[in-house]
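Here it is, the structure in full.
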């Protein structure tokens, strides 16, 4: 057993668990989360990763994940220097794509979804060949074992997602107003191309460039369904400049914003959106070095 695995299992109380099982005693209940102070987000009970799943998950982690995320889960694997979008540092317990409120830990199903479905436009592939109920669940436990937060803090409580209302011209128009009022264009650009005035300056919590998503491409990292876009609006992306609007928008307003963002999708492929040769030549002649050209954004540059 590696030093890394021992360092994880001992705090999780493997010895105590084995002793309890040998006495045919029920495992001790997970410690309850402390009651939230006024103004704090409620969380569920503390649910440390299952020690047996951690042991099982190590093999597949080493096979599929370690090259990018590193042996110690700090995101500094052998591929780190070659990836434009840097691998997640699991030791901080900060995960962008969750069903839980901003600033809270994800639930197991959030991490399982990311592992199984991947993140479009990044170095994180879709590990759809793994068994969801066994191999993916074990990988989730191993990933969670890198951060002590999963053994000391309660998980966030997934937000409620109401039924989607009809996508109407009125809803899209209302969403467009919100897009301007909420300042979404500052990052994502007035046309949703990810080229707003703030875009070049954005960095994540680790100081790495964090380009806004180009909505016109029609691909969304945490899922393609409208309810998944709603979820991202209302939970935010922890560790990134993308805030949560859960305390600012009503559910109806959030759905309007979803519908507006959907309306920005360009049905043409990126190569079809490329400016013509004549446009390039005109831009070269105007002395602005092509500053007026609107270029399609590479998926790999959008986080």
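The values are calculated or read from the model by the stated rules, or taken from the named source; none is laboratory data. These numbers were taken from a predicted model, which means no experiment stands behind them. Neighbour counts run over all protein chains shown; Cβ positions are idealised from the backbone, glycine included.
Would you mind stating whether residue 103 is out of contact with any helix residue (DSSP H, G or I) (no Cβ under 9 Å at 6 or more places or on another chain) and outside any helix (DSSP H, G or I)?
Here the answer is yes, as residue 103 does meet what is asked.
Here are 98, 76: which of them is crowded, with 20+ Cβ neighbours inside 10 Å and at pLDDT 95 or above?
One residue alone meets the criteria, 98.
Select from the stretch 184-205 the residues that are loosely packed, with under 14 Cβ neighbours inside 10 Å and within 24 Å of residue 99 (Cα to Cα) and list them in ascending order.
Selection gives 203, 205.
Looking only at helices (runs of 4 or more DSSP H) that lie completely in the stretch 174-278, which have at least 3 residues being farther than 26 Å from residue 116 by Cβ?
185-188, 251-263, 270-273
Okay, moving on. Here is a list: 171, 147, 151. Which entry is in a helix (DSSP H, G or I) and within 30 Å of residue 48 (Cβ to Cβ)? Don't jump to the end; show me each part of the working.
Details: 171 fails: within 30 Å of residue 48 (Cβ to Cβ); 147 fails: in a helix (DSSP H, G or I).
Answer to the check: 151.
In addition: Restricting the search to the stretch 127-144, which residues are in contact with a helix residue (DSSP H, G or I) (Cβ under 8 Å, 6 or more places away or on another chain) and not in a helix (DSSP H, G or I)?
Those that are in contact with a helix residue (DSSP H, G or I) (Cβ under 8 Å, 6 or more places away or on another chain) and not in a helix (DSSP H, G or I): 127, 128, 130.
Is there a residue in the stretch 232-241 that is surrounded by 18 or more Cβ atoms within 10 Å (Cβ to Cβ) and modelled with pLDDT under 95?
no
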